[in-house]
1. Calculate the spin-label point distance for Asn19 paired with Asn32, positioning each point 7 Å from the Cα along the beta-carbon direction, and give it in nanometres.
2. Kindly report, to the nearest 10 Å², the accessible surface of Lys5 as traced by a 1.4 Å probe over protein heavy atoms only.
3. Could you rank Val112, Val193 by how accessible they are, 1.4 Å probe, largest area first?
4. Looking at segment 1-44, which GluC sites (Glu not before Pro) are in a loop (DSSP not H, G, I, E or B) and have at most 12 other Cβ atoms within 10 Å?
5. Need the full-extension length gain, Thr245 to Val112, defined as separation in residues times 0.36 nm minus the C-alpha distance. One decimal, nm.
6. At 0.36 nm per residue, minus the direct Cα-Cα distance, what do Glu217 and Lys6 gain on full extension? Give it in nm, one decimal, please.
7. Once the Cβ-Cβ distance between Met298 and Phe79 is put in as r, and R0 is 51 Å, what FRET efficiency do you end up with, to the nearest 0.05?
8. Add +1 for every Lys or Arg and -1 for every Asp or Glu among the other residues with Cβ under 14 Å from the Cβ of Ser309, and state the total.
Amino acid sequence: MKICKKCGTENKKGSTFCNNCGGNEFLHRCGNCGTEFEGNFCPNCGAKAEPPDQPGRGTRPTEQPKKKVIFGRVLLWIFFLPIMGIIAIWQSRRLKTPWKIVLTGLIVLACVLYYRPKGNKATAAQTTARPAVVTTERATEPKATAIPATAKPTATAKSTAKPTAKPTATPKPTEDPTPKEYRNALSKAQMYVNLMHMSKARLHDQLTSPYGEGFSEEAAQYALDHVKADWKENALKMAETYSSTMHMSKARIYDQLTSEYGEQFTAEEAQYAIDTIKADWKANALATARNYRDNLHMSAAAIQQQLTSPYGEKFTAEEAQWAMDHLDD
């Protein structure tokens, strides 16, 4: 205990200033004999003065969070590499525009799936850590009274105690009996349908190909039977892609959609796409003609022949002539 010299107020042994007057000169009170003294030892019994409290004694230092040393590497993997990959794809001259769009979409989808939030684990841990409290009411049974030997037995009152309800066990969720490989094949098939608008035949080849996904025939067939897809709409979207990016003619788009080396849609699906697509075939012919003139340096006669050739662009004569009439506009 520390005694203020100025006002005599008792202060705690760790105090620097008096709690009453604010003075900073103190006397020690011996814990052995009660004598007040200055210095480090009691002049009466020789006991040593109590040392002041050291700040922080008895408490553990709070652990400082570890510094994120690899913060720069994380930023590199999350942002820089995908962006550079997308830039490299669009600067490549060997890839056609549809494949550039597809590869860009795959990179973005991979980043979203890999860095999506995992959920609030702390909340789940708290909810599972709290034990369920089940309260049951105990029925009080009436005490039995002794019946004299000479007395006739009387009818006992019916017990008013209610039986305690047994807690019902929650049914466990049934596990999906479908093999994991089948479910993985279905997930891949849904991704190809949504992003690349594949036909059913081409999707089957992609799932089973050793250069593609490499699933078994059974897993691929399960995926095709359960995938959610509108094959006619997929054909329409592919036709729109070929029209807007490659400026194809109606006949050439139909061939591309039905070719076994192309999209492999059925004739019915391809015809639906051709009948539904909104395209300016004359404008496509003009864009193709200018491409031949500016990039391949072809003559006007060669361009017109290429536009109408059954082995070339397959535009109609009217569409090709309109393109040649407006070539220099």
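1. 2.7
2. 90
3. Putting Val112, Val193 in descending order of accessible area: Val112, Val193.
4. Counting only loop positions with at most 12 other Cβ atoms within 10 Å, the GluC sites (Glu not before Pro) in segment 1-44 are Glu25, Glu38.
5. The span from Thr245 to Val112 would gain 45.2 nm if fully extended.
6. 66.3 nm
7. Using R0 = 51 Å, I get an efficiency of 0.70.
8. Neighbour charge sum, excluding Ser309 itself: -1.
The values are calculated or read from the model by the stated rules, or taken from the named source; none is laboratory data. Just so it is clear, the model here is predicted, and its values are computed rather than measured. Positions of Cβ are generated from backbone atoms using ideal geometry, with glycine treated the same way; all protein chains shown enter the neighbour counts. These area figures cover heavy atoms from the full protein model, side chains too; ligands, DNA and RNA do not enter into them. Shrake-Rupley method; radii C 1.70, N 1.55, O 1.52, S 1.80 Å.
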